[in-house]
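Undergrad: Okay, handing you the structure first.
The values are calculated or read from the model by the stated rules, or taken from the named source; none is laboratory data. Since we're looking at a predicted model, the values are computed, not measured. Note: ideal-geometry Cβ built from the backbone for every residue, glycine included; neighbour counts use all protein chains shown. Accessible surface is based on the protein model in full, side chains and every heavy atom, while ligands, DNA and RNA are left aside. Shrake-Rupley method; radii C 1.70, N 1.55, O 1.52, S 1.80 Å.
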Amino acid sequence: MKKIIILSIQLVLMLVFVNDMHAQNTPSQVIYTCPMHPEVKMVKPGNCPKCGMTLVKKTVDKPKPKTIIKKRAETKKAVAKPSEKKVNEMHEMHEKKDTSDKMEMAEKKDTADKKDMEMHQHDQMDMQHSQADTMEPAGEKLIMTGGRTVRYDLYVSDTMVHFSGKHRHALAVNGSIPAPPLVFTEGDTAEIYLHNQLKTSTSIHWHGVILPNEQDGVPFLTTSVIPGGTTHLYKFKIVQNGTYWYHSHTGLQQQVGTYGALVFKSREDSAIHGGGHDMKEMSHAYTAELPLVLSDWTDEHPHQVQRRLRSANDWYAIKKGSVQAYAEAIAKGHFATKLSNEWKRMNAMDVSDVYYEKFLSNGKPEAEAPQFKAGDKVRLRVVNGGSSSYFWLQYAGGKMTVIANDGNDVEPVEVDRLIIGVAETYDVVVTIPENMSYEFRATPEDRTGHTSLWLGTGMKMIAPTLGRLKYFEGMKMMNGMMKMNGDMKEMPGMKMSLQKMDMNSVMYPEVGEGEMGAGYDMHAMQDTKEMDHSKMEHGKMEHGKMDSSTGLVTLNYAMLRSPVITTLPDAPVKELHFTLEGNMNRYVWSINNRTLGEWEKILIRQGEKVRIILTNNSMMRHPMHLHGHDFRVLGAQGEYAPNKNTLDIMPMETDTVEFAANKDGDWFFHCHILYHMMAGMGNVLSYQNSPPNPQLPDKAKAWKQFKRSEQMIHPSFNIGLESNGSDASFMIAGNRFELQGLWHLGLTPEKGREVEVNFGRYLGKMQWLFPYVGYDYHYAKVGDDVEKNSFGQVSNKNDRNTFVVGLQYTLPMLVIADARVDGDGKFRFQLGREDIPLTTRLRGNLMWNTDKEYAAGLRYILKKWLALSAHYDSDMGLGGGVAVIY
């Protein structure tokens, strides 16, 4: 018996010894991680830098040395072959080369005396990896296991392209448009050297990336200006995974080529699970992946685009076929609709502002990925890098499975189509059914073209073509939604949010009768009950039946569900109410009737829960983007609300987002339609008591310069050269102030000569009121006859040389009423209307005033800068000729 007891004791001691030896040979460490974001690991307690949730203590095994050795081998392979072609292969960008539509690149050479450029003279992108500690601090807070330092060198240079068949100037990054995709893994430290080979400044903003404030890339707000001929280092830790992108945040540079994809690979850690929350394993089965950057291209210089929009020139409507002239209205039985539209002082209905010559997939109108075969499941990392185009996404091979949005995972959902807003990213998985070539088509919302990615080889399978929009149906809907003062009507019983009710669907020809189609009645819709999406069985998506009589399922935000609980910790709530507004006549966009230059910083505090309630009081969609943060989109999914960084807000919608205020510094919040942002739609959220930004030593001066960035001044003019003389108007316009003038020059003194110049400021949200001061010179040889105006005052137009004070007001039918008094005490009241759209290219104008002057004219637009013209003027008589338009 004693022997048995002794043997038992020896066995127990041996097992204890073996366990101790195993523990000694298996090194471990204590970290603090987030239940929602297990990729976040810290060396001490605290809050998650992504969501603000309290971190949970975990003990994990240290990575084995052989894992690091494997990464070294991969590193050597990457460094040994740094050419752009090989880098693209490593990123699985196997696109078939097509020399017929290959861009002709002419990269500008840098001068040899620029020392900072001498340090990095690479013709191609240079990607280097260097081994880092397995636990590396970032800002002495955040650490990630297994991280490396990953370096990229980006060269921004001038180039020439011919996307539309015409040679045009563009900006390329490493000789390509779009810029090369940059790939990192969670835990990596990014070192990105931006070499500016331009004569002007540039910048890069890392869209959707959580990073230190000074690395965000907005000149004068977060990051220093990068002058031409210099190099700037961006360095930050990668603390997230998903699909993101990068682009210039300097002026309008994004439009001409400075944009590219960011791919952050996830780092699996089997030692960390759940932490008490529902951490569902998601089946993201795919066999390959491919970044897809969508963009829009205009042959016009983007400054000319912005100027043309400000001057209310309708050349883009002519090119798109969306003028909605009176002749077309009569032909389609919508004359009353057109009258009602102009009675409410609105321009023609449209869903986009700019006409684009081409739409691009990875820099080509048609890109090819022939490496895929039947049965392959391809994860497309889709980035909308367009400056102002929304895209409908469709796939010829069947349904698409959406698995992520704005870099954040969502529970997989199958759809037939989805619309991707400007600056959004979606990860979708598509299947190659057979050994054929299947079209993944992106169609802009205005349906003026499309761009395609062909997956696989063989017979081409074409995606559905979206029909031309029914603009007058949209105009009829808009008339029913707008008040006379320009505000949107309240719709009792209708709560519009999360893209659940697409008001533009009345214009979609594929939408059947009775489904917000041709028979749509805005007033009848007021009694519609809001759908209860919370009670819907997830995955069936029955509300997809709203889309069309064919039963197509269209994605909306209510269908996006986070795979984990995203509820923020209890904290003081800072609530902000933002109303998105705009004036299409003058192309000024604002938040709470304030443009960017009129806002002061909005102060928030660390530790707060910031909740933003957004209401769109305009007839345009707005993709609102918050820098440096993810926000929860509240609504249909409750505690599983999805996280996003860019929110598309449709007309009439009200949406609510919230985020944990856990950063410091100043963060830009703005509409990501480039021309809306540059016309004023943005403001800045600023953390109180933030430390100094080392890149902005004079913060007050930088703030003034940043606010001036959207205060662009745009000149325009119309000069008529006709047989009876010259008749012209001109203006120099800002967001609120405007200098305007005109001249009427007869061929003889009897025909009269007049010049007026006025300067004033537009008042009110809709900018219909314009008080001004000005100067008026008028000479006409009228003989000895005494003329009196309509008020019985002696006319002085035979020799008028005086200052004036007046007030202009936009009346229904877009008629401008102008009342003024001059320095001689003479009153004048005038009514006038320019650019009456009679046909697609024919414009009319009318004028009458109490000086007993009147005029009427016609212009037929030939080109964007030239028109045939004819007019009759009570002083100058009848004449015809040409008009030059700028």
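Undergrad: Could you say which residue among E424, E439, E445 is buried (at least 23 other Cβ atoms within 10 Å of the Cβ), at negative phi, of a type in the set (D, E, K, R) and out of contact with any His (no Cβ under 8 Å at 6 or more places or on another chain)?
TA: Going through E424, E439, E445 in turn, the sole match is E424.
Undergrad: Looking at region 817-831, which of its residues are buried (at least 16 other Cβ atoms within 10 Å of the Cβ) and hydrophobic (A, V, I, L, M, F, W, C)?
TA: Selection gives F829 alone.
Undergrad: Any residue in region 464-490 that's surrounded by fewer than 17 Cβ atoms within 10 Å (Cβ to Cβ): show its pairings with residues that are of a type in the set (S, T, Y) at Cβ separation under 7 Å, as long as the two are six or more apart or on different chains.
TA: Sorted first by the residue in region 464-490, then by its partner, the list stays empty.
Undergrad: Among the numbered conditions (1) open to solvent by less than 30 Å² (accessible area, probe 1.4 Å); (2) out of contact with any His (no Cβ under 6 Å at 6 or more places or on another chain); (3) at pLDDT 95 or above, tell me where Y155 comes up short.
TA: (2)
Undergrad: I need the full set of residues from region 744-775 which are within 31 Å of the chain's Cα centre (by Cα), at positive phi and open to solvent by less than 40 Å² (accessible area, probe 1.4 Å), in order please.
TA: The answer is Q767, and nothing else.
Undergrad: Name the single residue, out of those in region 289-308 being surrounded by fewer than 22 Cβ atoms within 10 Å (Cβ to Cβ) and out of contact with any strand residue (DSSP E or B) (no Cβ under 8 Å at 6 or more places or on another chain), that is nearest to V383 (Cα to Cα).
TA: T298
Undergrad: Would you say Y772 is at pLDDT 95 or above and touching a Gly at 6+ places or on another chain (Cβ under 6 Å)? If you could, list the steps in order and put the result at the bottom.
TA: Working: at pLDDT 95 or above: yes; touching a Gly at 6+ places or on another chain (Cβ under 6 Å): yes.
In short, yes.
The rows are residues; the columns are (1) touching a helix residue (DSSP H, G or I) at 6+ places or on another chain (Cβ under 7 Å); (2) at pLDDT 95 or above; (3) assigned to a loop (DSSP other than H, G, I, E, B); (4) at positive phi.
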residue: T200; (1), (2), (3), (4): no, yes, yes, no
residue: G228; (1), (2), (3), (4): no, yes, yes, no
residue: L233; (1), (2), (3), (4): no, yes, no, no
residue: F236; (1), (2), (3), (4): yes, yes, no, no
residue: Y244; (1), (2), (3), (4): no, yes, no, no
residue: T250; (1), (2), (3), (4): no, yes, yes, no
residue: A261; (1), (2), (3), (4): no, yes, no, no
residue: F264; (1), (2), (3), (4): no, yes, no, no
residue: A271; (1), (2), (3), (4): no, no, yes, no
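Undergrad: Quick one: in region 587-597, which of the residues that are in contact with a strand residue (DSSP E or B) (Cβ under 8 Å, 6 or more places away or on another chain), surrounded by fewer than 20 Cβ atoms within 10 Å (Cβ to Cβ) and in contact (Cβ under 8 Å) with a residue 60 or more places away in the chain is farthest from A702 (Cα to Cα)?
TA: The first filter runs over region 587-597 and keeps only residues in contact with a strand residue (DSSP E or B) (Cβ under 8 Å, 6 or more places away or on another chain), leaving 588-596.
Pick out the ones that are also surrounded by fewer than 20 Cβ atoms within 10 Å (Cβ to Cβ) and you get 592-594.
Still in the running and in contact (Cβ under 8 Å) with a residue 60 or more places away in the chain: 593-594.
On the way: N593: 24, R594: 20 Å.
Among those residues, the one meeting the criterion is N593.
Undergrad: Considering region 868-886 alone, what residues qualify as being touching a Phe, Trp or Tyr at 6+ places or on another chain (Cβ under 6 Å) and over 27 Å from D818 (Cα atoms)? I'd like the intermediate steps shown before the answer.
TA: So the first thing to find is which residues in region 868-886 are touching a Phe, Trp or Tyr at 6+ places or on another chain (Cβ under 6 Å), and the list is 868, 874, 878, 885-886.
Scanning region 868-886 gives a single hit, L868.
Undergrad: Okay, next question. Are any residues in region 297-345 in a helix (DSSP H, G or I) and among the aromatic types (F, W, Y), and if so, which ones? I'd like the intermediate steps shown before the answer.
TA: Residues of region 297-345 in a helix (DSSP H, G or I): 302-310, 315-320, 326-331, 335-343.
Scanning region 297-345 gives W315, Y316, Y326, F335, W343.
Undergrad: Okay, moving on. Of everything in region 539-593, what is basic (K, R) and either touching a helix residue (DSSP H, G or I) at 6+ places or on another chain (Cβ under 9 Å) or at pLDDT 95 or above (or both)? Give them in sequence order.
TA: R561, K574, R586
Undergrad: Could you check, for region 795-803, whether at least one of its residues is under 14 Å from F827 (Cα atoms) and at pLDDT 95 or above?
TA: Yes, there is a match, as at least one residue in region 795-803 is under 14 Å from F827 (Cα atoms) and at pLDDT 95 or above.
Undergrad: Further question on the same structure: Please pick out the residue among S361, S387, S352 that is closer than 23 Å to V256 by Cα and in contact with a helix residue (DSSP H, G or I) (Cβ under 6 Å, 6 or more places away or on another chain). Quick ask: steps written out before the conclusion?
TA: Details: S361 fails: in contact with a helix residue (DSSP H, G or I) (Cβ under 6 Å, 6 or more places away or on another chain); S352 fails: in contact with a helix residue (DSSP H, G or I) (Cβ under 6 Å, 6 or more places away or on another chain).
Just one listed residue meets the conditions, S387.
Undergrad: Pick from F803, F791: which is surrounded by fewer than 17 Cβ atoms within 10 Å (Cβ to Cβ) and part of a loop (DSSP other than H, G, I, E, B)?
TA: After applying the criteria, what remains is F791.
Undergrad: Looking at region 362-372, can you tell me whether even one residue there is outside any helix (DSSP H, G or I), over 23 Å from Y587 (Cα atoms) and either under 20 Å from the mean Cα position of the chain (by Cα) or free of Cβ contacts under 8 Å to residues at least 60 places away in the same chain (or both)?
TA: Looking for residues that are outside any helix (DSSP H, G or I), over 23 Å from Y587 (Cα atoms) and either under 20 Å from the mean Cα position of the chain (by Cα) or free of Cβ contacts under 8 Å to residues at least 60 places away in the same chain (or both), one finds at least one in region 362-372, hence yes.
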